[in-house]
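Okay, so here's the structure we're looking at.
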Amino acid sequence: MIILQANALARLFGADVLFENIQMDIQDHARVALVGRNGVGKSTLLKMLVGIESPDAGSVITKKNLTIGYLAQDNGLESDQTVYAEMLMVFEPVMQMERRLRQLEEKIAATADHNGDYEKLLTDYEQLQHDFQEENGYGYEAEIRSVLHGFKFDESFYEQKVSELSGGQKTRLALARLLLLKPELLVLDEPTNHLDIDTLTWLENYLQGYRGALLIVSHDRYFLDKIAEDVYELSRAKITRYRGNYSQYLDLKAQQLATEQKAYDKQQTEIAKLEDFVAKNLVRASTTKRAQSRRKQLEKMDRLDRPQGDQRSARILFNFETVSGNIVLQVDNGAIGYDGKVISAPIHLDIRRHDAVALVGPNGIGKSTLLKAITHDHPLISGSVRLGSNVDLGYYDQEQAQLHSNKTVLAELWDEHPTTPEKNIRTVLGSFLFFGDDVKKPVALLSGGEKARLALAKLAMQKENFLVLDEPTNHLDIDAKEVLENALIDYDGTLFFVSHDRYFINRIASKIVELSENGSRMYLGDYDYYLEKKQEEAELAAQAQQEIEKIAPKTKPVIEKERQKQVRTLTREITALEEQLAQLEEDEQTLKETMALPENAQDHEKLTQMAAQLDALAIKQQEVLNAWEEKSLTLEEL
């Protein structure tokens, strides 16, 4: 059944059209995603659908008494109540039913004779009890605790006032309250903002079981793949519907564009032939009638528009001038935190040339702090950070602190590269979608997405061989994210980045480092592989716990003795591997110094042999490093 229908909606600004002729149908239990670039009007369209704004043309029709829950982008909950009291208010009708039940119980107990009043009280009580149970009257407090826990509000928050929370916490709480309300249509504008990966996973699982309909705007493609069953794309003032999740939408869109291009090319070929025939034969007496017939055919033809495809995209290219050594970054026994308080330790990192390493972990665990320690913007509490030879580090700060609000877009780049001609600076800015007078805009007036593109433009011009990126996809729309991904995939340097965008991590990362209060742990694969390994570890831990519970107390010392023996053996093997790695690095350095000697500079045969030896050393180093990582992980598990 259709619960909401949009008919020919339009938003006009004088002669300018934001969008027009928008048609949408939302069924009960639908899972709809609305996608499109920043600025195409997605949030405006949502406000029209929920009745906050009126369209300039068209209408929105809803089923009778439809309940709609709407969460605007970054719109936090405002209340003077405590967190728990605010959530309880959602269930005020249920609590009234509960109070009524208690009153009926007292009346029934006070009615001694089983007369007509008694029977009516009993009937009313049974009906109210049924309704109370249907409204989850016996479980609503457990439901509140479950949802709050999913959004990382433990019991320490329950008595805290909502007004004392941070902006991100208020946004999460607003979403929690909406989920508890359970409207028939839940409309969410960027609900994944301010959520870490654990909370995103919880929200996905919750929404997959949601009984109402969902209409969601999000730039989180992994989230859309999990939730969406229909995708509406808003582009070039029009809307197009695609059946399936986000990945299926991409495939269908590509197929549609290819089909349209093929039909257009075929028609253009036919038009060219007809026009050529008319031009050659119209003036000839013997062929005039046929030429006139072809001309009429041309005039009656319903000509196809050239397929426009996507709107203009940024063109991002990362390059570097100097090749780094094989070892790019090493962090040994690091500890991070503030004011002497450790939030994560011990941290061990060994990043090699061409690695693409994603750093993941819950909010507040110190991911950005670790990046700042690597860039020497914030010291480690203990441990060491070492960059390898010829490593040029480029840093992208999610806060864009490297941008200057008092400068123009053009000056932001030109001041750092004063010898570069203005034309070349403008060309770079144009590739990041800053055209014409855009380059004269003050940085302070740029949107979040524009600042992100400007910061990426600065990074691209620096040409470093090791990029450290802190949430590079924040503020970027889906198209810009995909352009950035393709640029980083083509980048031949080394990457170490923090991101909550799981789709982005999956495309870029070859290794995952998980940061927790117990330090760092590396997984050799993409994000999906990391999830599989985490699931396997959880299952193995559960099995191990079951086995431990079965073991008689008298056998535990025997097992502990065996465990200690395994620990000692692994420790010796790890030490041996570390010594072997050190020797290989020393051999590599010696070989490089030998290659640099003047007597070898002209001996191409000898240089070729030594280059082959260097390659063999690099392969051996990687083999030893993989063995070291495997045994280190095993030791941690023991």
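Can you find even one residue in the stretch 106-124 that is of a type in the set (Asp, Glu), outside any helix (DSSP H, G or I) and more than 30 Å from Ala176 (Cα to Cα)?
Yes; the residues of the stretch 106-124 include at least one that is of a type in the set (Asp, Glu), outside any helix (DSSP H, G or I) and more than 30 Å from Ala176 (Cα to Cα).
In this entry, Gln23 is excluded by the filter for residues that are within 30 Å of Asp131 (Cβ to Cβ) and out of contact with any helix residue (DSSP H, G or I) (no Cβ under 6 Å at 6 or more places or on another chain). Exactly one residue out of Gln160, Gln169 is in contact (Cβ under 8 Å) with a residue 24 or more places away in the chain, farther than 24 Å from Arg31 by Cα, surrounded by 12 or more Cβ atoms within 10 Å (Cβ to Cβ) and touching a His at 6+ places or on another chain (Cβ under 9 Å), and it is Gln169. When only residues in the stretch 338-368 that are of a type in the set (Gly, Ala, Ser) and closer than 30 Å to Arg453 by Cα count, which is modelled with the lowest pLDDT? Step by step, filter the stretch 338-368, then rank; the result is Gly364. Count of the stretch 267-323 residues, restricted to those that are of a type in the set (Asp, Glu), surrounded by 11 or more Cβ atoms within 10 Å (Cβ to Cβ) and modelled with pLDDT under 85, is 1.
Against the list (1) part of a strand (DSSP E or B); (2) in contact with a Ser or Thr (Cβ under 8 Å, 6 or more places away or on another chain), the condition Asp350 fails is (2). Look at (1) among the hydroxyl-bearing types (Ser, Thr, Tyr); (2) surrounded by fewer than 17 Cβ atoms within 10 Å (Cβ to Cβ); (3) within 19 Å of Met522 (Cα to Cα) and you find that Thr375 fails only one, number (3).
Annotation: Phe153 fulfils all but one of (1) among the hydrophobic types (A, V, I, L, M, F, W, C); (2) assigned to a loop (DSSP other than H, G, I, E, B); (3) without any contact (Cβ under 8 Å) to a residue 12 or more places away in the chain; the unmet one is (3).
A single entry from Leu467, Leu459, Leu488 fulfils the requirement of being crowded, with 23+ Cβ neighbours inside 10 Å, farther than 22 Å from Asn193 by Cα and either without any contact (Cβ under 8 Å) to a residue 60 or more places away in the chain or out of contact with any Lys or Arg (no Cβ under 6 Å at 6 or more places or on another chain) (or both): Leu467.
Inside the stretch 14-29, can you point out the residues that are within 30 Å of Glu482 (Cα to Cα) and over 26 Å from the mean Cα position of the chain (by Cα)? Residues satisfying the conditions are Asp16, Val17, Leu18, Phe19, Glu20, Asn21, Ile22, Gln23, Met24, Asp25. Looking only at residues in the stretch 213-236 that are at pLDDT 95 or above and small (Gly, Ala, Ser), the one that is surrounded by the fewest Cβ atoms within 10 Å (Cβ to Cβ) is Ala213.
Which one of Phe497, Phe504 is crowded, with 19+ Cβ neighbours inside 10 Å, among the aromatic types (Phe, Trp, Tyr), touching a strand residue (DSSP E or B) at 6+ places or on another chain (Cβ under 7 Å) and closer than 24 Å to Leu195 by Cα?
On the way: Phe504 fails: touching a strand residue (DSSP E or B) at 6+ places or on another chain (Cβ under 7 Å).
Unique residue meeting the criteria: Phe497.
Residues in the stretch 590-638 that are touching a residue at least 24 places away in the same chain (Cβ under 8 Å) and among the small types (Gly, Ala, Ser) were compared, and the one that is farthest from Thr571 (Cα to Cα) is Ala618.
Within the stretch 52-89, the only residue that satisfies the criterion of being among the acidic types (Asp, Glu) and in a helix (DSSP H, G or I) is Glu86. Close contacts from the stretch 328-354, counting a first residue that is in contact (Cβ under 8 Å) with a residue 40 or more places away in the chain and a second that is among the hydroxyl-bearing types (Ser, Thr, Tyr) and outside any strand (DSSP E or B), with Cβ to Cβ under 9 Å and a gap of 6+ residues or different chains, come to Ile336/Thr369; Gly337/Thr369; Ile343/Thr369; Ser344/Thr369; His348/Ser632; Arg353/Ser324; His354/Ser510.
Scanning the stretch 32-51 for residues being touching a residue at least 12 places away in the same chain (Cβ under 8 Å) and outside any helix (DSSP H, G or I) gives a total of 10. When the residues of the stretch 30-89 are filtered to those that are more than 17 Å from Leu18 (Cα to Cα) and among the small types (Gly, Ala, Ser), the one that is farthest from the chain's Cα centre (by Cα) is Ala85. Check off (1) out of contact with any strand residue (DSSP E or B) (no Cβ under 8 Å at 6 or more places or on another chain); (2) under 22 Å from Leu476 (Cβ atoms); (3) modelled with pLDDT under 90 for Asp437 and give me the number that stays unchecked. Asp437 satisfies every listed condition except (2). Of all the residues in the stretch 18-31, those that are in a loop (DSSP other than H, G, I, E, B) and under 20 Å from Ser43 (Cβ atoms) number 1.
The values are calculated or read from the model by the stated rules, or taken from the named source; none is laboratory data. Since this is a predicted model, take the numbers as computed values, not measurements. Because the Cβ atoms are built from the backbone with ideal geometry, glycine has one as well, and the counts that use them run over all protein chains shown.
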